[in-house]
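Here is the structure we will look at, set down as structure tokens.
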Amino acid sequence: MPPLMKEKFMHKKITNTVTWTGKIDWELRRFHGDELSTHKGSSYNSYLINDKKTVLIDTVWAPFDKEFVSNLKKVINLKKIDYIIANHGEVDHSGALPALLREIPETPVYCTSNAIKSLRGQYHENWNFVPVKTGDTLEIGNNTLIFIEAPMLHWPDSMFTYMKGENILFSNDGFGQHLACDSLFNDTADENEIMLESLKYYANILAPFSPQVTRKIKELLGMNLPIEMICPSHGIIWRTSPEKIIEKYLSWADSYQENQISIIYDTMWNSTGKMAQAIADGIRLKDPFVTLKLFNCSKTDKSDIVTEIFKSRAVIVGSPTVNNGYLYSISGILELIKGLKLKNKKAVAFGSYGWSGESVKLINQELSQAGFLVVDDGFRTIWTPDEEIVEKLREFGKTLAEKLQ
Ligand code: FEO
């Protein structure tokens, strides 16, 4: 590839003033350690603003720090960077700061006071931090930067930076998706894919903070700042109709549900699996319109299950009784959804057993503690369901179709 082409692909002009200087990570499949699946890769978006002052907003994940600094040098003399903005201290955005600041150690780093704590805690460096609060501004020439703290979106240290003039919101994790996309812009990418990944991102990362999301967006809209573009730190840039993703966030943050019931189960010798299918058949007989999905959670990616639960109006959770409890994969899902603080969802448990049979009661207790409205004591059956029990499970499913409305 000729050098000029290579250069073009490493950095992309967003506007006359803003250049994308991030990293598209096509190979990323797990994030936050092994916690979150990223089937379609991700990007770590960093932005260079060339106004009368030169500003760098965020960097990239630590494994790409040398590549980042080396590429950055090809578009700017690092000594010309007047300010660095760290919208968030997490390592996927701050990971190249040590390598960068080794070259330009005096450059001021603008961030929230909580970000100073997180950056110092992670890197043990006393960089030239400048703490900022909501409403603080930085004149950079034709544009002005306005800082907007965004605590718990999704860390206490998070903030947005708004560029008045070109009217761009640099929103960091907010409005992002784990999606590698060469075009970088929403209007040149697959819209369905973008929205699916945005929803997965919201469900898995931002859902616990929905009240803060609602408050922050209302505060942002109340500031009457025109938003012509949203530049998040992961995935595509919302270049056209950025209000669409803002509206989606308001909807997702407001006890979101679709007309979906998800049956989440695990099974050892398929007794509980057979129960899951019979309950589903009963629901379908009674409700021809509901979206009904079954997931064996020992065989399904947990981040995808969380996304499906987030979309559901009800979940039906099943496990056989093992060692007076329930199966390991069910335990993991119950723990995950407890942390998400989901609202406006109904639930019920089911499961087979051979001896003691506690799983149904225990799962119902966990679902209740996770904030779900448990609508029934559940259904448990000893050993393998025969045709008579299968018929009873279908009837149970029909009853649930009404109780889970
Ligand atoms: Fe993308 Fe919270 O880091």
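The values are calculated or read from the model by the stated rules, or taken from the named source; none is laboratory data. Since the model is a prediction, treat every value here as computed from it, not as a measurement. Note that each Cβ is placed from the backbone with ideal geometry, even for glycine, and that neighbours are counted across all protein chains shown. These accessible areas exclude ligands, DNA and RNA; they are computed on the full protein's heavy atoms, side chains included. Shrake-Rupley method; radii C 1.70, N 1.55, O 1.52, S 1.80 Å.
Just to be sure I understand, how many residues within the stretch 10-43 are touching a helix residue (DSSP H, G or I) at 6+ places or on another chain (Cβ under 7 Å), open to solvent by 10 Å² or more (accessible area, probe 1.4 Å) and farther than 17 Å from Gln177 by Cα?
Result for the stretch 10-43: 3.
Would you mind finding the one in Ala180, Ala207, Ala203 that is part of a loop (DSSP other than H, G, I, E, B) and within 16 Å of the ligand (Cβ to nearest atom)?
Ala180
Of all the helices (runs of 4 or more DSSP H) wholly in the stretch 212-322, which have at least 1 residues that are within 20 Å of the chain's Cα centre (by Cα)?
Here the list reads 243-252, 302-311.
Would a scan of the stretch 349-370 turn up a residue that is in contact (Cβ under 8 Å) with a residue 24 or more places away in the chain, assigned to a strand (DSSP E or B), surrounded by fewer than 16 Cβ atoms within 10 Å (Cβ to Cβ) and not assigned by TED's automatic domain parsing to the domain that holds Ala207?
No, because not a single residue in the stretch 349-370 is in contact (Cβ under 8 Å) with a residue 24 or more places away in the chain, assigned to a strand (DSSP E or B), surrounded by fewer than 16 Cβ atoms within 10 Å (Cβ to Cβ) and not assigned by TED's automatic domain parsing to the domain that holds Ala207.
Of all the residues that make up the stretch 117-139, how many are open to solvent by less than 20 Å² (accessible area, probe 1.4 Å) and in contact with a strand residue (DSSP E or B) (Cβ under 6 Å, 6 or more places away or on another chain)?
Result for the stretch 117-139: 2.
Of all residues in the stretch 86-118, count the ones that are away from the ligand (no atom under 15 Å from the Cβ) and in a strand (DSSP E or B).
Going through the stretch 86-118 one residue at a time, the tally reaches 2.
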